[in-house]
1. Filtering segment 295-311 down to residues that are touching a residue at least 40 places away in the same chain (Cβ under 8 Å) and either away from the ligand (no atom under 13 Å from the Cβ) or surrounded by fewer than 22 Cβ atoms within 10 Å (Cβ to Cβ) (or both), which residue is farthest from ASP265 (Cα to Cα)?
2. Here are some residues: GLY84, GLY94, GLY103, GLY119. Which one is surrounded by fewer than 18 Cβ atoms within 10 Å (Cβ to Cβ) and within 25 Å of VAL306 (Cα to Cα)?
3. What is the number of the single condition among (1) more than 30 Å from ALA330 (Cβ to Cβ); (2) within 16 Å of the ligand (Cβ to nearest atom); (3) within 23 Å of the chain's Cα centre (by Cα); (4) not acidic (Asp, Glu) that TYR250 does not meet?
4. Taking segment 323-363, which residues are touching a residue at least 40 places away in the same chain (Cβ under 8 Å) and acidic (Asp, Glu)?
5. Can we say ILE54 is in contact (Cβ under 8 Å) with a residue 24 or more places away in the chain and either aliphatic (A, V, I, L, M) or more than 19 Å from VAL172 (Cβ to Cβ) (or both)?
6. Residue check: is LEU162 under 24 Å from ARG43 (Cα atoms), more than 16 Å from the ligand (Cβ to nearest atom) and open to solvent by less than 10 Å² (accessible area, probe 1.4 Å)?
7. Among the residues of segment 254-262, is any acidic (Asp, Glu), surrounded by 14 or more Cβ atoms within 10 Å (Cβ to Cβ) and closer than 30 Å to ARG145 by Cβ?
8. Anything in segment 330-351 that is open to solvent by 10 Å² or more (accessible area, probe 1.4 Å) and either modelled with pLDDT under 95 or small (Gly, Ala, Ser) (or both)? List them, or say none.
Amino acid sequence: MSRRADRCPSPKPRGECPGASSCGHSPDVREETAMHDHRKLGRELDLFDTDPLIGAGLPYWLPDGAAVRHALEEYVRAAERRAGYRHVYSPVLGKRELYEISGHWSHYSDDMFPPMSLGAEQVVLRPSLCPHHALIYRSRSHSHRELPLRMAELGGMYRSELSGVLGGLTRVRAIQLNDAHIFCTPDQVADEAWAALEMIRRAYEALGVAPARYRLSLPGPGGKYVVAPEMWRRSTALLTDVLDRSGLPYEAVEGEAAFYGPKIDVQVADAAGRESTLSTVQVDFHQPEQFDLHYIGADGARHRPVMVHRSVIGSVERAVAHLIEQHGGAFPAWLAPVQVEILPVSEAELPNAEALARRCVDLGLRAEVAGPERGSLGARVRQARLVPYQAVVGAKEAADDHVALRLRDGRRLAPRPADDVLARVRALVDAHSADLWDAAAS
Ligand SMILES: [Zn+2]
């Protein structure tokens, strides 16, 4: 048990700070944060948990964790819509033949759940979304004018991890993946891969996450890769070119490619310095061939598209695990489970505080009231240390419809009209700002 646990015994009230990088605490607390593990924090902050009856590697999300996840998913969907992606839904099951065609069955079956027999056929929990998306593409004819066709889905996939390696949100058996496939001409691959890297860069900025390194993941000796030397040469050359043009430092690592092609992987490091892949951009000539995909070119003939697989935040499980560790639970305001904690000074301001909470909720902000029954004002302020905004309502503020705002970083603002405060908070949340307050506007 860590020293921090001695200081903040669990279970704790909301926001009892388990150490945070941006909550204004002393350096020794920040140092302890580095020792933190998302599994412990996730339970202490009531974000997620597991139950042996559901099973190892199958965490469930508590309401506060679900709020973080929902905000993250909405961010990704909105960014994708702006970047010209269109969303689809596809089922998490597919017939075994589907994965035989895609190549997963021969190259990846060790990581797949055993098939389920349904009468004469067998269905499996999908190990990836690509085959479904390839079939959705194939279901309609496409002109070269529709390309690049960007298809996105936040969908479920499954991996039969051994129970010994499971833990928290980083190694799970049921995965919700932020996935997309871009069907394009070979000439469009570099621009699409470049645009995906740019989306990743912007997302990391909003999330307050720094990549540990960029990795060009190549095939290695002994791996199960599709045999097509010319395809590997072309796709590796394309990704190398994108990385070289981006100016980003990267390392080429053998043995880390997907079975169907090379990848650019964006690596992040956990509290213990262990690296994992969060985001990825991959080039694939193999599955378009396997599924006989085509588009009609300007010459009226059929041509084979290329598939670019890309994920901005990877799986929501791994992304949230990393965010918990990175921020020690003090999430950027747009991700915080509770964004505004409303603190009536006394019982008399409780009705005003509750009315203010309703106004927050009507504006789409996540707010809660912590009344005097939870202790002194000072104690309630401390309990809400992870909440980005604390709105103090005393007798004068209640009478004037004002709010005295305290920011998580320790700043205390002069009372100002409640409408003005809420509008500014809403604007900062909408902008996915890393800043808690727009000093220029105050
Ligand atoms: Zn894919």
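The values are calculated or read from the model by the stated rules, or taken from the named source; none is laboratory data. Please read these numbers as outputs of a predicted model, since none were measured by experiment. All Cβ positions, even for glycine, are placed from backbone atoms using ideal geometry, and neighbour counts span all protein chains on display. For the accessible areas, the whole protein counts, side chains as well, though only heavy atoms, and no ligand, DNA or RNA atoms are used. Shrake-Rupley method; radii C 1.70, N 1.55, O 1.52, S 1.80 Å.
1. If we take residues in segment 295-311 being touching a residue at least 40 places away in the same chain (Cβ under 8 Å) and either away from the ligand (no atom under 13 Å from the Cβ) or surrounded by fewer than 22 Cβ atoms within 10 Å (Cβ to Cβ) (or both), then ALA298 is farthest from ASP265 (Cα to Cα).
2. GLY84
3. Status for TYR250: all satisfied but (2).
4. The answer is GLU325, GLU341, GLU349.
5. Taking the combined requirement at face value, the residue does not satisfy it.
6. no
7. There is no residue in segment 254-262 that is acidic (Asp, Glu), surrounded by 14 or more Cβ atoms within 10 Å (Cβ to Cβ) and closer than 30 Å to ARG145 by Cβ.
8. Matches in segment 330-351: SER346, ALA348.
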